[in-house]
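Below is one structure, written out as structure tokens; comments come after it.
The values are calculated or read from the model by the stated rules, or taken from the named source; none is laboratory data. Small disclaimer: the values here were computed from a predicted structure and weren't measured. Counting neighbours? That spans all protein chains shown, and the Cβs are built from the backbone with ideal geometry, glycine included. Note: accessible area is taken over every heavy atom of the protein model, side chains too, but ligands, DNA and RNA are not part of it. Shrake-Rupley method; radii C 1.70, N 1.55, O 1.52, S 1.80 Å.
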Amino acid sequence: MPLSTLRNARIDFLRGVAIACVLVLHFTLAFGLLRSPLGDLLGPAAIKAIAFNGNYGVTIFFVISGYLITSGILLRWGSLRGIDVSSFYWMRAARILPSLLLALAIIVLLGLLDVPFFNNGDARPPLPASYFGVALLSILTFWHNVLMQSAGYFNYCLNVYWSLSVEEMFYLALPLLCLALRRTWLVAAVCVAAIVIGPYYRSMHADNEIYFMYGYFACFDAIAIGCLTALLAPRLVLSPHAKRALRVIAGFALPLIYLRGIAGHEMFGFSLIALAAAGILLGSHGEKGPGWTTGWLAAPLRWAGRHSYELYLFHIIVLAAMRNVVTKAELTYAMRLPWLCLFIALSAIAAMLVSRYVSEPANAALRGWYRRRKAGIGQQPRRV
């Protein structure tokens, strides 16, 4: 199945909005935007609402991911129980690992050289370079968020990869659930259970963000909402006008929930932002017609959505490098917005280069090798 089969400009736009929220959050934490022309224009309350709720962007990513992965399974294998587990895992690895390994290699190399913001200096006291072994193992085996629950924020760059652990742990379990349960309604019931558990788990850990934002059960509900949206979308017959109305309602709800903030809404805030994102996905399902999110003005965000994985991996490397050039205290009022623009530009360039020369060719090569292997092509004939 070609990637273009699942490509949807409206979903790319939503994913672009999500990664933009993450980038603005991390830049603001590193350099601040309150003391800038933008801060004077919008005011402290608006800057804080826009920037410091960026983790909602990760929740939107989770919903989109659950929707696309489940839609891909249905399109490729016809049903959840028809999934080819080995093929699913290989395709996930082919997409994720090449650029991830490159990002980890850069971070570890600079960390071993004790370059600030690449080393383990965020911990108090700083952790030794040998801790990279545990950190890498946790990232590559999808329990980095659990490691952070004991080690805290110990590495500036590696800290952001907690969300990859959440997402891939879910997808490690999903194919096995599909095969074990066999029936779609049973898989849907597990998703409903995750949706119910999520708010309860977050309410039990509302005083610790590493738990209520990064824990498996704090995040599985958003992915589950995406999965259920993918199961519902083909069965729900909506007219183009109804889909447009759903997109408009959900599109208005999303920023309202976002700007209301995370603080004080730890229990249901993430659930509501996920449901709003799901409404947009449901209203975008199968829609190919023009709209303002598909026009040229929205093209930069759609591009960011198509390159969101590479932006996610490499923006933090760019930001760590920039923090070694100038500190937050040294960055002047007049330079904050140009510095933000430079950060976005360098992150985009890095994402474009990694996508073109690493992610896409490696993904195609690994998937091609696997298809040939399954088909028996390329095997050496047995000599008699």
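Does Tyr333 satisfy the criteria of being out of contact with any Pro (no Cβ under 9 Å at 6 or more places or on another chain) and of a type in the set (Phe, Trp, Tyr)? When the stated conditions are applied, Tyr333 does not pass them.
Residues in segment 134-158 that are of a type in the set (Phe, Trp, Tyr) and open to solvent by 60 Å² or more (accessible area, probe 1.4 Å) were compared, and the one that is nearest to Ile107 (Cα to Cα) is Tyr153. Screening segment 170-284 for helices (runs of 4 or more DSSP H) wholly inside it with 2 or more residues that are open to solvent by less than 10 Å² (accessible area, probe 1.4 Å) and either closer than 27 Å to Ala49 by Cβ or modelled with pLDDT of 95 or more (or both) returns the ranges 184-204, 216-232, 269-284. Residues in segment 307-352 that are open to solvent by 20 Å² or more (accessible area, probe 1.4 Å) and of a type in the set (D, E, K, R): 3 in all.
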